[in-house]
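Data first, discussion second: the structure below is written as structure tokens.
The values are calculated or read from the model by the stated rules, or taken from the named source; none is laboratory data. These numbers were taken from a predicted model, which means no experiment stands behind them. Backbone-built Cβ (ideal geometry, glycine too); neighbour counts: all protein chains shown. Just so you know, the surface numbers come from the protein's heavy atoms only, side chains and all, with ligands and any DNA or RNA stripped out. Shrake-Rupley method; radii C 1.70, N 1.55, O 1.52, S 1.80 Å.
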Amino acid sequence: MKRTTSSFTLHPSSLKTMIALLIISHSASIASGVKDLIEQMAQGRVQIAAAGGTLEGDLGTSVDLISHALERLAGADEVLVLVDMGSAIMSAEIALELSGIPFRISPAPLVEGALVAAIEATRPGATINEVAAAAERALETKGIALAAEHVPHEPPAPAPPEGAGVEITLTIKNKVGLHMRPAKDFVQTASRFSSTIRARNLSRPERPDGNAKSMIDIMKLGVALGNQIHIRADGADAQAAIDALAKLVADNFGE
């Protein structure tokens with residue numbers, strides 16, 4: 001569901017647009033827990049506020065509490081809202097329309113969607129439409145992972161022949177593989193470069209290859225300890241991109 005107020009204006013450059021996240025749940029504990037979780041991913045680079053429960057401390061939602069949460073997002077140009085159930089939407093709309101801040105309410109799952117949105121929002125130049133679209137794809141990684149359980153593993157596929165781009169095959173040695181935090185670091189590193197960067201898991205050929213700048217695509221690779229990933233970069237800074245990603249992997253993502 002998408003709503004905007006009449007005060008919505010487009011900025012000359014999306015690089016100047018500050019996208020904030022608002023987490024709304026019928027439970028105060030859930031709202032604050034999701035906020036704590038995604039703040040670990042955003043590391044202070046995205047404004048995040050949460051509102052849960054009623055003023056009396058019961059299960060439900062409160063326009064007043066949501067309005068108070070919005071006050072903590074001062075300076076945000078746009079707000080992406082994630083809710084736990086549809087009945088929270090009415091309270092969210094009232095509070096947001098009163099605030100005058102342009103907003104969009106996402107149909108994405110609360111936890112997975114908020115995590116992906118927080119990471120996507122840290123990408124330079126990300127628009128609210130791009131952040132919202134990424135959040136809505138958040139469950140794709142779970143579907144791919146569960147479907148893959150029923151697909152027999154095959155020997156690693158050979159790397160494609162070398163072409164104009166720069167390629168490398170790396171072995172993941174950190175114990176958690178490319179799970180949420182390492183995947184976030186991988187995506188943020190790749191996003192620093194203008195080159196097109198693709199990655200695939202040679203150890204899991206049933207998994208699709210993906211855009212190295214997409215959190216969803218990287219999570220879909222299902223990279224675990226000991227897996228080999230093939231990375232190809234095409235563009236003016238392809239070698240620098242490959243070098244940076246190789247260093248990140250060699251350093252075990254700082255763990």
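Descriptive notes on the structure:
- Rounded to the nearest 10 Å², the accessible area of residue 168 at probe 1.4 Å: 50
- Segment 17-75-segment 79-124 distance, computed between alpha-carbon centres (Å): 10
- Taken along the Cα-to-beta-carbon direction at a fixed 7 Å, the label points for residue 173 and residue 37 span 3.2 nm.
- In the structure shown, the pairs 35/213; 35/220; 184/247; 173/247 are assessed against 21 Å; a Cα-Cα span above that value is assigned to 35/213; 35/220.
- Cα-based shape type of segment 168-209, given that a ≥ b ≥ c are square roots of the gyration tensor eigenvalues and the cut on a/c is 1.5: oblate
- Over all projection directions, the Cα-based convex hull of segment 209-254 averages an area of 3.5 nm².
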